[in-house]
Amino acid sequence: MKIVRESFRPPSPRRRAALARLALTSACAALLLVGVAARPAFTAERPRVELEFIPGTPAHGYAARIYESIWNEHGERIIAALETRSCMPFREERVAAVVEDATSHSGGPNHPMRLRASYPHALKQSTLVHELGHRHLWQLVERMSYLDGHKTLYLSLDRVWADVWGEDFAEAQVRSESAWLAEYDYAAAWRWVRGLAPAERVRLWNRLRWMNGFSGECKGPLDGPESS
């Protein structure tokens, strides 16, 4: 087999210029690819909070699925409203909730929330936000002695409900909670908070935030029907 080797001929000036431009373009492309590879993947500004709804018994599976459907449809708006109205980030990325025939509560750092299975749909919605609101406010370690946990929550809870489902829903849920028969006087807590002037709600909320190291002024509790 005869191999023919062509003699080397230096490229023309025009060819050399074209090769130089190609080399420069390739180098820039390589640097860009390295930069993209080194850059962390883009994530949403606020990561989605994962809620796991656990049936207390097999009989509570349907109620757990209802809570799950509420969360899947409205979860992002709920977290956004909690953060906007409180001017604080929601700290938890995953929350578990047991669904059963028992009194709802917010749980604790090392144990899950509990959500009552038998509530009607609208009360499931409001209770889910209520208990998440308590968990959200755990970061307010320092509290004022005359503001218990529910009065603190109620400074902005009706605004969160309204942001997610509208003013009529919020008003209905305030009436619903006020009718609860329990050791705690929910009706008195709602009357006290809703009797505050809007500016006083804001003042109390900012004082709580400042006591716990949050800076700036938050007007989150404003623009309710009582502010007009």
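A compact table of results
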{"read-out": "Which of Ile66, Ile54 has the fewest Cβ neighbours within 10 Å, and the rest in rising order", "value": "Ile54, Ile66"}
{"read-out": "Rg/Rg_globular for region 174-217, with Rg_globular taken as 2.2 N^0.38 Å and Rg from C-alpha atoms", "value": "1.47"}
{"read-out": "5 angstrom amide H check on Glu52, placed H, neighbours 5+ away", "value": "Val95, Ala96, Ala97"}
{"read-out": "Unit Cα scatterers, Debye sum, region 136-203: log10 I(q)/I(0) for q = 0.12, 0.19 Å⁻¹", "value": "-0.32, -0.82"}
{"read-out": "Per DSSP, loop chymotrypsin sites (Phe, Trp or Tyr not before Pro) in region 155-228 with at most 13 further Cβ within 10 Å", "value": "Trp180, Tyr184"}
{"read-out": "Sorted by Cβ density within 10 Å, fewest first, the residues Glu92, Glu100", "value": "Glu92, Glu100"}
{"read-out": "Rule-of-thumb Rg ratio for region 50-221 [Cα; 2.2 N^0.38 Å; N residues]", "value": "1.00"}
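Throughout, read-outs are computed from the coordinates displayed, never taken from laboratory work. Since this is a predicted model, take the numbers as computed values, not measurements. Note: ideal-geometry Cβ built from the backbone for every residue, glycine included; neighbour counts use all protein chains shown.
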